[in-house]
Amino acid sequence: MFEGIVEIKKRNEMIALAYALGYSQHMMAKVLGLAQSTVNGIVKRLNR
């Protein structure tokens, strides 16, 4: 799902979509090499 994404805005949109589809923040963080708190912040910002 996250292969080939280099633009941060697109990455963040895909994180929000994946979260809505039921993927855990922990799993996305692990796959993307981010901290779980970073993924949490992205999800919160985009779901306002």
Selection from the range 1-19 of residues that are among the acidic types (Asp, Glu) and modelled with pLDDT under 90 | Glu3
Residue by residue through the range 20-31, note down the ones that are surrounded by 17 or more Cβ atoms within 10 Å (Cβ to Cβ) and either at pLDDT below 95 or aliphatic (A, V, I, L, M) (or both).
-> Met28, Ala29
What are the residue pairs meeting all of these: first residue in the range 19-48, first residue touching a residue at least 24 places away in the same chain (Cβ under 8 Å), second residue surrounded by 11 or more Cβ atoms within 10 Å (Cβ to Cβ) and not in a helix (DSSP H, G or I), Cβ atoms under 7 Å, and 6 or more apart or on different chains?
-> Val31/Phe2; Leu32/Phe2
Which residue pairs have Cβ atoms under 8 Å apart, sit 6 or more places apart or on different chains, and have a first residue in the range 1-16 that is touching a residue at least 12 places away in the same chain (Cβ under 8 Å) and a second that is of a type in the set (D, E, K, R) and surrounded by 14 or more Cβ atoms within 10 Å (Cβ to Cβ)?
-> Phe2/Arg11
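The values are calculated or read from the model by the stated rules, or taken from the named source; none is laboratory data. Only a predicted model underlies this, so the values are computations on that prediction, with no experimental measurement involved. Cβ coordinates were reconstructed from backbone atoms using ideal geometry, including for glycine residues, and neighbour counts include every protein chain displayed.
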